[in-house]
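The values are calculated or read from the model by the stated rules, or taken from the named source; none is laboratory data. Computed from a prediction, not measured in an experiment: that's the story for all the values here. Using ideal geometry, Cβ is built from the backbone for each residue, glycine included, and neighbour counts are taken over all protein chains shown. Side chains are part of the model used for accessible areas, which takes the heavy atoms of the whole protein and leaves out ligands, DNA and RNA. Shrake-Rupley method; radii C 1.70, N 1.55, O 1.52, S 1.80 Å.
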Amino acid sequence: MASTHTKIGDFTFDNCLMNAAGVYCMTREELAEVDASAAGSFVTKTGTLTKRAGNPEPRYADTTLGSINSMGLPNLGYQYYLDYVIELQNQPNSKNHFLSLVGMSPEETHTILKAVQASDYHGLVELNLSCPNVPGKPQIAYDFETTEAILTEVFTYYTKPFGVKLPPYFDIVHFDQAAAVFNKFPLTFVNCINSIGNGLVIDDETVVIKPKNGFGGIGGDYVKPTALANVHAFYQRLNPSIQIIGTGGVKTGRDAFEHILCGASMVQLGTILHQEGPAVFERITNELKAIMDEKGYKNIEDFRGKLQYMN
Ligand code: RRO
C-alpha cells in the first residue's frame with residue numbers, strides 16, 4: 001500500500017496529516033490524544049507570553065459548510081506547551097512536533113522566541129502571523145513591512161527550525177510581495193492558510209458567535225479553493241528550501257490529495273477534526289492511500305506539486 005510518509009526540514013513523519021493549530025490542542029490531554037491517533041504529528045495551540053482566557057462564549061460555531069470562530073487566542077501560556085514538547089522529545093520513538101507561538105506585540109514575540117532558543121527544545125516552531133480574532137490587533141502578515149521587521153529581528157538570534165502561519169492572500173500582487181519577503185529568510189516552512197478572517201454567519205436574524213458582533217474566522221468547505229490557491233501560489237514562488245504545509249477545507253482524502261498536488265508536504269485538519277475528533281486521521285489517511293493506490297503513487301513525492309494546467 002502507498003505511504004503518506006513525509007519530511008519537513010530534517011524531521012520525518014510517518015503520516016503527512018496532522019491537526020491545525022487551534023483545534024484539539026489546548027491541553028496536554030488533547031495533544032496526547034492527537035499524538036496517539038493516526039496523525040503524523042501535532043501542533044500546539046498558539047501560545048502567548050502569559051496565559052489568556054480569550055473572547056466571551058459562544059465563540060465557535062459549526063455550519064453546514066464549515067465553521068466560524070472568534071476564540072481570541074485562549075491558551076495556557078507558551079511555557080506550558082514548551083514544557084510538553086520538550087517532555088515528549090525526550091521520550092524514545094516520539095513523533096516530531098510543532099510548537100505554535102506568538103506574542104501580543106513584536107517585543108513579546110521576541111521574548112518568547114528567545115526563551116525557546118535558550119531551551120532544550122530542538123523541534124519545529126510555527127510563528128502565528130495570522131490570528132484574525134484579537135480585537136485591535138490586525139493580522140500581522142497582511143502588513144509586509146511589520147512582517148519583514150519581525151523576521152529580520154528573529155533571525156538575529158533564532159537558529160532552530162522555524163516557519164510561519166499565514167493568512168490567506170487574495171491578489172496575485174500580494175502573493176508576489178509576500179513571497180519576496182519570505183524568500184529573504186531561512187524559513188523551514190510556511191503554512192497556508194489560517195482561517196479567512198472576519199466572516200459573518202447568521203442564523204434566522206442573529207449572529208452565531210458573541211465576540212465582535214458575530215465576526216469571525218471562517219474554516220471548512222468555504223475556504224478550500226482559497227487554501228489551494230495559497231498553497232500553490234507559494235509553491236510557485238518560494239525558494240525550494242521553504243516547504244509548504246497545506247491547511248484549509250480538508251475533510252476527505254481527495255481534499256488532502258489536492259493540497260499535496262498543489263505542493264503541500266504536510267496537510268492539516270481544522271474544522272473536520274473539531275467535528276469528528278481524532279478518529280478522523282485514520283479515515284482521511286485511508287482515503288488518501290486508496291487514491292494513491294488507484295493512481296499507482298507509492299509516496300507523496302510522486303505527485304506533490306505536479307498540478308496540471310490546461311494548454
Ligand atoms: O484563537 C483564535 O481566535 C484563532 C487564532 Br489564534 C488563529 O490563528 N486562527 C483562528 O481562526 N482563531
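Filter the range 180-197 for residues that are crowded, with 19+ Cβ neighbours inside 10 Å and either under 14 Å from Asp143 (Cα atoms) or away from the ligand (no atom under 15 Å from the Cβ) (or both) and give the result. Answer for the range 180-197, where residues must be crowded, with 19+ Cβ neighbours inside 10 Å and either under 14 Å from Asp143 (Cα atoms) or away from the ligand (no atom under 15 Å from the Cβ) (or both): Phe182, Leu187, Thr188, Phe189. For the range 171-204, the tally of residues that are part of a loop (DSSP other than H, G, I, E, B) and in contact with a Ser or Thr (Cβ under 7 Å, 6 or more places away or on another chain) stands at 3. Within the range 198-217, the only residue that satisfies the criterion of being closer than 16 Å to Gly72 by Cβ, among the hydrophobic types (A, V, I, L, M, F, W, C) and either under 22 Å from the mean Cα position of the chain (by Cα) or open to solvent by 100 Å² or more (accessible area, probe 1.4 Å) (or both) is Phe215. Ile245 meets each of the listed conditions (1) within 16 Å of the ligand (Cβ to nearest atom); (2) open to solvent by 10 Å² or more (accessible area, probe 1.4 Å); (3) outside any helix (DSSP H, G or I) apart from (2). Of the residues that make up the range 18-35, is at least one more than 16 Å from the ligand (Cβ to nearest atom), surrounded by fewer than 22 Cβ atoms within 10 Å (Cβ to Cβ) and assigned to a loop (DSSP other than H, G, I, E, B)? There is no residue in the range 18-35 that is more than 16 Å from the ligand (Cβ to nearest atom), surrounded by fewer than 22 Cβ atoms within 10 Å (Cβ to Cβ) and assigned to a loop (DSSP other than H, G, I, E, B). Give the residues of the range 276-308 that are under 27 Å from Glu30 (Cβ atoms), in contact with a Ser or Thr (Cβ under 7 Å, 6 or more places away or on another chain) and of a type in the set (Lys, Arg), sorted by residue number. Correct list: Lys289 only. Within the range 257-271, can you find the residues that are closer than 15 Å to Val23 by Cβ and open to solvent by 20 Å² or more (accessible area, probe 1.4 Å)? The answer is Thr271, and nothing else. The test for being surrounded by fewer than 17 Cβ atoms within 10 Å (Cβ to Cβ), assigned to a helix (DSSP H, G or I) and touching an Asp or Glu at 6+ places or on another chain (Cβ under 7 Å) holds for Gln275.
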